[in-house]
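To keep things clear, I will list the structure first and then write my remarks on it.
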Amino acid sequence: MSVSEKLQDVGNEQFLEEEGKTLLKFSASGSVISLTGSNPMHSAGMQHMKKNGIVVYLDVPTAVIMSRLKSMKVDRIVGQSPGISLKDILQFRKQFYRRWYDIRVLCGGDDAAEVVAEKVLDAVKRYQNSELETFISTRSSRSERSMEKNSHKYFSDVVIEGLAPDGGLFVPERGLPKFTVGEWQSLIEATYIERAQVILEGCIHPADIPASKLAEITETAYGENFTCSKIAPVRHLAGNQFLLELFHGPTASFKDFALQMVPHIFAYCIPRSCNYLVLVATSGDTGSAVLDGFSRLHDTDKQRIAVMNFFPEDGVSPIQKSQMIGCQKENAWSVGVKSDFDFCQTAIKQIFTNSDYTGFLTVEYGTALAAANSINWARLLPQIVYHASAYLDLVHQDIIPFGSPVDVCIPTGNFGNILAALYAKMMGIPIRKCICASNENNVLTDFIRTGVYDLRGRKLIPTFSPAVDILKSSNLERYLHLIANEDGQLVTQLYKQLEKQGHFQLQKDLLEKLQQDVVAGWCSEEECLAAIHSVYSTTGYILDTHTAVAKVVADRLQDRTCPIIISSTAHYSKFAPAILRALRIAEIKQNPLSQLHLLNSYNPLPPIHWGLLETLKKKGNEDHRVCAADMSMLMSCIETLIQNHFMKVF
């Protein structure tokens, strides 16, 4: 019978049930099943349909659908209850469809049917050909790759392995997906979680993580753990400068964006037959973010996944140290090392490439090692999201039309955050220049200006911005591989020279290529404190020390012809002594908790970070292991954690 007859026969509510039951009688095989606005809202029916083929979700912006309905003079949808708006029911239907699809196809308002059809065909081909999305090492040559065709690495492999066997870093062989202007525009009205889901689906093949599981992980990561509903809000600072606030996560730094998500990705990807110990080195913020992220796993996952965090014992702020120690859990330990970050990072790389030692851990304890530093490819993807989202927010706020360029300025040490911005640019976000902001450890600034990466005679200088107190920038290797057209042989040569001689020089054509995308500057300690004082005096807003470094460099290098987005990478609460000094507050308490209470008495903007306060209130924040800068001591710590955690569990 017709729809109108059925409606008259059974009524609105029963109609949806009857419509869904009809689906249960349908069967097919090898089909492409399209999800559009007229699909039944019936779980059993949709579950049945999913068994019949590949489910494709044609994702059209709600505003476009509303406009079409208006032009068609449609003001109701079948099954719509009185008092419920069309917009509300469309949003509800979208949430329903997202539970079932295998593939999402973004459809712009002006896309012709033929364009959508091509997109569907491309998406189905991608879904059926996971072998096209493989990863290579930054140090593998083309001849080596052609000889190793049968030993492909996929996303789930590189998440687990972290570092390539040859010491290089994993990168996607075919690069990242390029979104069309229409596809980006379809995300302007979307929430942060919706944007993250779409972007990550483009970067992670569904054979590695199905769309439904990825949605679950994204919702878990960003749903309740951030203090701001916008997750990564963009705030106007002054003139053409905007702050991308990346400190609303549980540990108050930008590292939370990746490390609330990566533990769940890791737990999904690893085989069930082995225990895993995740090793991480931190110059400040990564440690607490890793510990917090992995401690939020389900209990069954915590039994088979532990994490050990190495940090320079005297090279982080007192609050950062208290936070890392306070974030320890039964499966998460912090170890202070009597050295600097570069030693910690190099030590982890050496442990990973020591096949005798990793083999011993596997045989003796049934435990494999994994990495959570930004050398792990999965760490970079969530960072791409917030750079893209910041641009879309400026468009949404009518600051710029889509297509107008912006600059971004990022406090940079290990090159991961700025690399993510460069990747966002490659994917279609109109970023003009990426400005690399260094503190007095300005090896990157020198390199970007001259093409010479020179560590000879350089000693790490402890500064007010410890997260960028780094001389060896790991992720720079990925960018050099990119601009060298995937010449792994050249990358290997450069990094061998760096290890043996302490320096390398980029050839002229590659330096020119690099300087098309990246410019650099650095900031002294005095300038950093002065910037914090100046911004607070004029706006009432408190920058953290890393953001202040970026602010100084942005002021110096921007040409004011377009907006500039400054990455505010941490909450000022983490660096209270430096902030109090910058604000010229004479009485500085020694206790970190007292320092935060003192800052809070000034009614600061933004407010004191609640998660940090709660962590510092915990008892036992002084308990942690400290070891010498000795490889055998670090290995002993690793074995102790394995024995205490995995042996006890099993």
>> Return the residues of the range 489-503 that are over 30 Å from the mean Cα position of the chain (by Cα) and assigned to a helix (DSSP H, G or I); say none if nothing qualifies.
In response: Q497, K500, Q501
>> Within the range 1-52, considering only helices (runs of 4 or more DSSP H) that don't extend past its boundaries, which have at least 1 residues that are β-branched (V, I, T), over 41 Å from the mean Cα position of the chain (by Cα) and surrounded by fewer than 12 Cβ atoms within 10 Å (Cβ to Cβ)?
In response: 3-10
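Conditions (1) among the hydroxyl-bearing types (S, T, Y); (2) in the same structural domain as S31 (by the TED database), marked per residue:
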{"site": "Q95", "(1), (2)": "no, yes"}
{"site": "Y101", "(1), (2)": "yes, yes"}
{"site": "V116", "(1), (2)": "no, yes"}
{"site": "A123", "(1), (2)": "no, yes"}
{"site": "S151", "(1), (2)": "yes, no"}
> In the range 238-268, how many residues are open to solvent by less than 20 Å² (accessible area, probe 1.4 Å) and more than 17 Å from the chain's Cα centre (by Cα)?
Replying inline: 3
> If you scan the range 206-223, which residues turn out to be open to solvent by less than 30 Å² (accessible area, probe 1.4 Å) and in a loop (DSSP other than H, G, I, E, B)?
Replying inline: P206, D208, I209
> Restricted to the range 128-155, and to residues that are over 30 Å from Q497 (Cβ atoms) and at pLDDT 95 or above, which residue is least open to solvent (accessible area, probe 1.4 Å)?
Replying inline: F155
> Does the range 433-452 hold any residues that are in a loop (DSSP other than H, G, I, E, B) and either within 15 Å of L498 (Cα to Cα) or among the acidic types (D, E) (or both), and which are they?
Replying inline: E440, G451
> Quick one: would you say A550 is modelled with pLDDT of 95 or more, under 20 Å from L476 (Cα atoms) and not in a loop (DSSP other than H, G, I, E, B)?
Replying inline: yes
>> Please go through the range 175-205 and give me each residue that is within 30 Å of D487 (Cα to Cα), part of a loop (DSSP other than H, G, I, E, B) and either among the small types (G, A, S) or in contact with a Ser or Thr (Cβ under 8 Å, 6 or more places away or on another chain) (or both), ordered by number.
In response: G175, H205
> So how many residues does the range 457-490 have that are more than 28 Å from H546 (Cβ to Cβ) and surrounded by 22 or more Cβ atoms within 10 Å (Cβ to Cβ)?
Replying inline: 1
>> Against the definition (part of a helix (DSSP H, G or I), among the hydrophobic types (A, V, I, L, M, F, W, C) and open to solvent by less than 20 Å² (accessible area, probe 1.4 Å)), how does V171 come out, yes or no?
In response: no
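The values are calculated or read from the model by the stated rules, or taken from the named source; none is laboratory data. Given the structure is predicted, the values throughout are model-derived calculations rather than measurements. When we count neighbours, we look across all protein chains shown, and the Cβ atoms used for this are built from the backbone with ideal geometry, even at glycine. Heads up: the accessible areas ignore ligands, DNA and RNA and are worked out on the full protein's heavy atoms, side chains in. Shrake-Rupley method; radii C 1.70, N 1.55, O 1.52, S 1.80 Å.
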